[in-house]
Amino acid sequence: MNTATLGLLATNPEAKMKVLIAVEDKEFGETIIDYIKKNNWNTDTKFKILHVIEPYELDEGVDVTYLPFLEDTKEQARAAAKTLVNSLTIKLKDKFVNCSIESDVAEGNPKEILLKEIEKWSADLLCLGTHGRRGVSKFLLGSVSQALASHAPCAVLIVKKST
Amino acid sequence: MKVIVCVDDSEFTEFMIQQLLNRRWHDDTQFKILTVLEPISMSPDPRMTEFLTLKREREAKKKLAAWRNLLSRVIPRSLVHIDIRQGSPVEEILKAAVEWQPEKIIMGAHNKGICPRFNLGSVSGSVVKQAFCTVEVLRDTEKAALSK
């Protein structure tokens, strides 16, 4: 590297950034939103808050009479997810009034859905928490976070709860 | 805000610095540009090892000073430190984080392998898992796209 190389580097204030925020639950969602709010972002940054509902897996031989109950549970999960992403969107809008902030709820395998969304939405940065329900320690990275940190075709910000 | 930026001697560092320059930072942001030089064990002659170690350290100092000057010049009122360490990259990065207490560690997931998209890099992967603070892993998305 020489000074000529350095001369080529210059700020690009027009660089638009699309930030996909994957939230799993209220606690970790708020941690991520608080972290994002602590940072400065260009006014044309676009944020998208996404929650993925994982499908319920029925064990073989389960009594089908439980199925209506399962449907109710799914509906409750959808309603809770919408409430979650809406409340986080409001929190983010408080700080970044001029930024475009959208939210969405999807259903399926979180890793697959998020990878697809990164491609579809052309995200530049994926923000996620360290772990959710499956985590056993704050020093261990959750399986979804770990897979996305390895596989995502964009930059990945892993927000730890302690920060 | 305190940010550790982990760099090495690859071309990817230039991409990382460009990414930092494109962002907005708080006025009081402090950066620590950190590089870790792994021990040289290739030479049987200890004098040659010492010579190569010192040469590499001088080159690293020069590069990091250039990055520091650029960041200080372009990001207003930022304070940029440089830190050159010897040892295991993962251990030294984690140690630096404990000592300096940054809000974030930024590092690259550039890969020298044949399939860059599916490889986080062993150093980045270990730091992501073990660091107490937030970690951002940068990728050169154009190169990642080519590897699909």
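Only the coordinates and a few stated rules stand behind these numbers; no lab work does. Note that the coordinates shown come from a computational prediction; the quantities given were computed from them, not determined experimentally. As a convention, Cβ positions derive from the backbone with ideal geometry for all residues, glycine included, and neighbour counts pool all protein chains shown.
Summary of values
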| quantity | calculated |
| --- | --- |
| When each of A:K91/B:K2; A:K46/A:K91; A:K18/B:K2; A:K93/B:K32 is checked by Cα-Cα distance, pairs over 20 Å | A:K91/B:K2; A:K18/B:K2; A:K93/B:K32 |
| Gyration tensor over alpha-carbon atoms, the stretch B:2-146, equivalent ellipsoid semi-axes in Å | 24, 20, 16 |
| Extension gain (nm, one decimal) between A:I53 and A:K26, 0.36 nm per residue minus Cα-Cα | 8.4 nm |
| Inter-site label distance for A:W121 and A:K93 at 7 Å from Cα along Cβ, in nm | 1.6 nm |
| Estimated distance in nm for a label pair at B:S88 and B:E38, the labels positioned 7 Å out from Cα along Cα-to-Cβ | 1.2 nm |
| Added length on full extension, which subtracts the Cα-Cα distance from 0.36 nm per residue, A:D72 to A:S100 | 6.8 nm |
| Computed lengthening from B:R77 to B:K55, 0.36 nm per intervening residue step minus Cα-Cα distance | 4.7 nm |
| Relative contact order of chain B, pairs being alpha-carbon contacts under 8 Å that are 6 or more residues apart, as % | 29 percent |
| Cβ-Cβ FRET estimate between B:K95 and A:K16, R0 fixed at 45 Å, reported to 0.05 | 0.75 |
| Shielding by other protein chains, B:18-30, mean Cβ within 10 Å | 4 |
| Amide N proximity, the stretch A:88-117 versus A:A80 label position 7 Å along Cα-to-Cβ, cut-off under 17 Å | A:88, A:105-108, A:110 |
| Check: the stretch B:2-146 dipole with +1 on Lys, Arg Cβ and -1 on Asp, Glu Cβ, in debye | 280 debye |
| Reduced Cα scattering model of the stretch B:7-79, Debye log10 I(q)/I(0), q = 0.13, 0.22, 0.25 Å⁻¹ | -0.48, -0.97, -1.15 |
| Sequence-distant residues sharing a close amide H with B:V80 (under 5 Å, placed H) | B:F31 |
| For A:R78, net neighbour charge (Lys/Arg +1, Asp/Glu -1) across residues whose Cβ lies under 14 Å away | -4 |
